[in-house]
Amino acid sequence: MRQNISVEDALESILSQVRPIAESEAVPLNQAYQRVLAQDLASKVYHPDADDSAVDGYAVRGEETITASVSTPVRLEVVGEAPAGRPFSGEVRPGQAVAIYTGAPVPKGANAVVRVEDTVRDGTGVWLLKPANVADIRRRGDDLRLGEVYLHRGAWLNAARVALAAAMGYPSLPVVRRPRVGILSTGDEVVEPGQPLPYGGGYNSNSYALVGQVQDAGGEAVVLGKVPDSLEVLKRGLADPGQLDLLLTSGGVSMGKYDLVRRLLESEGNIHFWRVKLQPGGPVLFADYRGLPVLGLPGNPVSSMVVFHLFGRPLLFKLLGRSDPPYTGVQATAATAFGANPSKRVYRRGVLRWTPQGFTVESTGNQSSGVLRSMVEGNALVVLEAGVDAKVGDSVTAIPLGFTV
Ligand code: AMP
Ligand code: MG
């Protein structure tokens, strides 16, 4: 078991242990949002399907309109109309125009469009007050070309990507099976919300933070409830991990006599590492329990959330084969001072704001890892390397939370 390792080494250890999920399934488009694409997708169509009009106006022979102006308007005979979805089947001959609407194919003979606002209708004809513009025609395949791959395996299906798959002609999409992530809380003092709170107790909040964090990363959360600090009960809780791809435990990984998750995994599992040089969340542990990867999160609510973001989220991305980064950093100007830890990296909770001068970040105040409110008031983690405090005005790295692409 490695101990007291860096955040980078811990992440590398985790990522080297997990293999991407091979199974995929087909889901209809309306269930594809926030899934991960399992195969490259080539467009089944051209879009636009034909050279079509980008505006409402008149399809004309452009060369006949060159001299058109308000003082020297050009008159053409209107021989038909082309609404979107009902193409004009004839041809535009010299001296003629066809009334055309956005999205309709440009009829044979026409090569440019005059916008309706630059025309005056006059019985069977139309006066053009400006020359036609070829730029108002969208060329076939401007957006999508048949057979070209626009979405790759590993793509996180956000709204725009699902829409693009629809535009390419796919009614359903191959997506990676969601990783099933068990969430087990521990602690004699931890009580489910809704139960009366005994003296010295506290409600289980970690399980419910993790449900959201797992889902945000693309996983399926399986809440396994809470077990007391008893080796026997904990063992029973772990005995049937079902069809899990990952187990998250919360609590019980510190130095205390009752930190039984660590002790059980020490004796009956294989701990890859325990304790990472970071704060909050230093006692984090990563192990293998009968083939199941276990990420042991510290019990403090802030530690649990921060450690999941730094390690659990990348782990899920690896299981899913997601190609986007699990998190990114931005440079921000410190609007308040941030204190470092002399011997380990710290992640402070901050409020990140966009201003005309760039990003600024200010502390949420009390940085104790028991103060869950700091995760609610803050929207970013401010990274401070060991021994490097930040003064007001210094540039710091901030990791936005809940950042999506
Ligand atoms: P532990 O890591 O087990 O020593 O717990 C550290 C602190 O986190 C203690 O104050 C616990 O009461 C608290 N804690 C542990 N598990 C949870 C949980 N599921 N929800 C909220 N707080 C917890
Ligand atoms: Mg505990």
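Take residue 146 and decide whether it is touching a residue at least 60 places away in the same chain (Cβ under 8 Å) and either within 16 Å of ligand 2 (Cβ to nearest atom) or surrounded by 22 or more Cβ atoms within 10 Å (Cβ to Cβ) (or both). Before you say what the answer is, go through the steps one by one.
Working: touching a residue at least 60 places away in the same chain (Cβ under 8 Å): yes; either within 16 Å of ligand 2 (Cβ to nearest atom) or surrounded by 22 or more Cβ atoms within 10 Å (Cβ to Cβ) (or both): no.
Answer is no for this residue.
Return the only residue of 312, 299, 269 being away from ligand 1 (no atom under 12 Å from the Cβ), open to solvent by 10 Å² or more (accessible area, probe 1.4 Å) and not aromatic (Phe, Trp, Tyr). Let's see the steps before the verdict.
On the way: 312 fails: open to solvent by 10 Å² or more (accessible area, probe 1.4 Å); 299 fails: away from ligand 1 (no atom under 12 Å from the Cβ).
Unique residue meeting the criteria: 269.
Could you give me the residue pairs with C-beta distances under 7 Å whose first residue belongs to the stretch 96-118 and is farther than 12 Å from residue 80 by Cβ, whose second residue is in a helix (DSSP H, G or I) and open to solvent by 30 Å² or more (accessible area, probe 1.4 Å) wherever it lies, and which are 6+ apart or on separate chains?
Listed pairs, sorted by first residue: 111/134; 112/134.
Looking only at the stretch 249-274, which residues are in contact (Cβ under 8 Å) with a residue 40 or more places away in the chain and more than 15 Å from ligand 2 (Cβ to nearest atom)?
Of the residues in the stretch 249-274, the ones in contact (Cβ under 8 Å) with a residue 40 or more places away in the chain are 249-254, 258, 260-261, 266, 271-274.
Passing the criteria: 266, 271, 272, 273, 274.
Being among the aliphatic types (A, V, I, L, M) and in contact (Cβ under 8 Å) with a residue 40 or more places away in the chain: is that true of residue 376 here? Walk me through how you get there before you give the answer.
On the way: among the aliphatic types (A, V, I, L, M): yes; in contact (Cβ under 8 Å) with a residue 40 or more places away in the chain: no.
In short, no.
Out of curiosity, is residue 252 within 24 Å of residue 302 (Cα to Cα), touching a Ser or Thr at 6+ places or on another chain (Cβ under 6 Å), within 11 Å of ligand 1 (Cβ to nearest atom) and assigned to a loop (DSSP other than H, G, I, E, B)? Give the steps one after another, and end with the answer.
Details: within 24 Å of residue 302 (Cα to Cα): yes; touching a Ser or Thr at 6+ places or on another chain (Cβ under 6 Å): yes; within 11 Å of ligand 1 (Cβ to nearest atom): yes; assigned to a loop (DSSP other than H, G, I, E, B): yes.
Yes, satisfied.
Out of the residues in the stretch 1-19 that are open to solvent by less than 70 Å² (accessible area, probe 1.4 Å) and assigned to a loop (DSSP other than H, G, I, E, B), which is nearest to residue 347 (Cα to Cα)? Reasoning before the result, please.
Filtering the stretch 1-19 down to residues open to solvent by less than 70 Å² (accessible area, probe 1.4 Å) leaves 5-7, 9-11, 13-16, 18.
Imposing the further condition that a residue be assigned to a loop (DSSP other than H, G, I, E, B) reduces the set to 6, 18.
Working: 6: 14, 18: 25 Å.
Per the stated criteria, the residue is 6.
Considering only the stretch 276-289, state which residues are part of a strand (DSSP E or B) and either touching a Cys at 6+ places or on another chain (Cβ under 6 Å) or surrounded by fewer than 20 Cβ atoms within 10 Å (Cβ to Cβ) (or both).
Of the residues in the stretch 276-289, the ones part of a strand (DSSP E or B) are 276, 278-279, 285-289.
Once the filter is applied, which keeps residues that are part of a strand (DSSP E or B) and either touching a Cys at 6+ places or on another chain (Cβ under 6 Å) or surrounded by fewer than 20 Cβ atoms within 10 Å (Cβ to Cβ) (or both), the stretch 276-289 yields 288, 289.
Look at the stretch 183-214 and say how many of its residues are more than 16 Å from ligand 2 (Cβ to nearest atom), more than 35 Å from the chain's Cα centre (by Cα) and of a type in the set (Gly, Ala, Ser).
Selection size over the stretch 183-214: 0.
Under 25 Å from the mean Cα position of the chain (by Cα) and not charged (D, E, K, R), is that true of residue 293?
On the way: under 25 Å from the mean Cα position of the chain (by Cα): yes; not charged (D, E, K, R): yes.
Taking the combined requirement at face value, the residue satisfies it.
Yes or no, residue by residue, for (1) within 12 Å of residue 182 (Cα to Cα); (2) in a loop (DSSP other than H, G, I, E, B); (3) hydrophobic (A, V, I, L, M, F, W, C):
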| position | (1), (2), (3) |
| --- | --- |
| 195 | no, yes, no |
| 207 | yes, no, no |
| 212 | no, no, no |
| 223 | yes, no, yes |
| 226 | yes, no, no |
| 232 | no, no, no |
| 244 | yes, yes, yes |
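Taking residue 199, is it more than 15 Å from ligand 1 (Cβ to nearest atom), among the aromatic types (Phe, Trp, Tyr), outside any strand (DSSP E or B) and over 22 Å from residue 316 (Cα atoms)? Spell out the reasoning first.
On the way: more than 15 Å from ligand 1 (Cβ to nearest atom): no; among the aromatic types (Phe, Trp, Tyr): yes; outside any strand (DSSP E or B): yes; over 22 Å from residue 316 (Cα atoms): yes.
No; evaluated as a whole, the condition is false for this residue.
All but one of (1) without any contact (Cβ under 8 Å) to a residue 40 or more places away in the chain; (2) surrounded by 17 or more Cβ atoms within 10 Å (Cβ to Cβ) hold for residue 196; which doesn't?
Exception for residue 196: condition (2).
The values are calculated or read from the model by the stated rules, or taken from the named source; none is laboratory data. Quick caveat, the model's predicted, so the values are computed rather than measured. No Cβ is skipped: glycine too gets one built from the backbone with ideal geometry, and neighbour counts run over all protein chains shown. Ligands, DNA and RNA are stripped out before the accessible areas are found, and what is left, the full protein with its side chains, is counted by its heavy atoms. Shrake-Rupley method; radii C 1.70, N 1.55, O 1.52, S 1.80 Å.
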